[in-house]
Amino acid sequence: MDSPRRILLVEDEPDIAEMLRFFLEQNGYVLLHAENGQEALRLTHEKMPHLILMDGILPDMDGFEVCQHLRAMPATAHIPIIFLTRRSGHDNVLAALELGADDFIAKPFDPEEMLLRIQNTLRRAEKSARIDLQTGLPGAQIARDYVAQARQDSSLAIIEIQIAHNVPYRQRYGKVAMNNVYGRLGQLVVSMLGQSDIARTFAGYVSENHLAVVYPVAGAENFARQVAVSFNKIIGKFYQDTDRERGYVEIGGERSPLMQVICRVYLGRSGAAAGRSRGPR
Ligand code: CA
């Protein structure tokens, strides 16, 4: 079972937005909606959509400008963008291609065709390891590359986030439940990053149980603490009542503690050896 895909629709015409919301939700997508470019940028950073449907002409800036902003930010550069264009807009199509648009859908559109284009675009992005469809975050290769680059920058810290006691959890609840935990952790981190200085922050899974966050050195320790505290507060929700209440899971007569989020902060270029652990509580 897959987690639902989030689509951000950037469209200022209410009729079109309403129609698309209905149609996409019917087809199992979670629809986010922005009516202008600023809102689109904010929502993208806070919710990390799997894909963006972008109208070309918006009240405050044009869709191409929004695309340019998103491509320039490490945290959002990977997100597939499909433009909604007028049939006559040939020049716009070329401009958008140059900015890295993934596809186009001409208005007035055929909903079935739109659905196919969305599916194909997501499939391509996953196949090329550009996106991790479970979480909507950048693919592992992109994450590793950006983290390696950030390590060379003394103004940036790397926060490594892992879940302890994940193995007994997976044994007891299965892979789908485990992936859901990783996805929720990713979402929490993204929503917290969306409220901070977003120009250089970044989050991505470099491997299954290893979420890496890039954050300005000054606030990194504090951010790591907040992530650990926030997620450890809700971790009980992933367990059945009996396990949560007794505080452990039992597998084959062995007791294992409930999961905990552990964050390690590596400060700046020289700080790699001086990583500090931020456990819960
Ligand atoms: Ca418009």
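The values are calculated or read from the model by the stated rules, or taken from the named source; none is laboratory data. For clarity, every value in this text was computed on a predicted model and none was experimentally measured. Note: ideal-geometry Cβ built from the backbone for every residue, glycine included; neighbour counts use all protein chains shown.
Data table
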| item | result |
| --- | --- |
| Enumeration of residues in the stretch 33-43 that are away from the ligand (no atom under 14 Å from the Cβ) and in contact with a helix residue (DSSP H, G or I) (Cβ under 8 Å, 6 or more places away or on another chain) | LEU41 |
| Verdict on LEU97 being in the same structural domain as GLU113 (by TED's automatic domain parsing), in a helix (DSSP H, G or I), away from the ligand (no atom under 16 Å from the Cβ) and surrounded by 15 or more Cβ atoms within 10 Å (Cβ to Cβ) | no |
| In the stretch 59-84, residue farthest from the chain's Cα centre (by Cα) [restricted to those that are within 13 Å of the ligand (Cβ to nearest atom) and buried (at least 22 other Cβ atoms within 10 Å of the Cβ)] | LEU84 |
| Members of the stretch 239-252 that are farther than 14 Å from ALA164 by Cα and either in contact (Cβ under 8 Å) with a residue 12 or more places away in the chain or not in a loop (DSSP other than H, G, I, E, B) (or both) | TYR239, ASP241, THR242, ASP243, ARG244, GLU245, ARG246, GLU250, ILE251 |
| Failed item, numbered, when PHE202 is tested on (1) surrounded by fewer than 22 Cβ atoms within 10 Å (Cβ to Cβ); (2) over 25 Å from GLY247 (Cβ atoms) | (1) |
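Results for (1) under 28 Å from the mean Cα position of the chain (by Cα); (2) of a type outside the set (Val, Ile, Thr), shown as yes or no for each residue.
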| position | (1), (2) |
| --- | --- |
| GLU221 | yes, yes |
| VAL227 | yes, no |
| LYS233 | yes, yes |
| VAL249 | no, no |
| GLY252 | no, yes |
| TYR266 | yes, yes |
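Matching residues to (1) more than 13 Å from the ligand (Cβ to nearest atom); (2) within 17 Å of the chain's Cα centre (by Cα):
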position	(1), (2)
ARG6	yes, yes
VAL10	no, no
PHE22	yes, no
ASN27	yes, no
LEU31	yes, yes
HIS45	yes, yes
LEU51	yes, yes
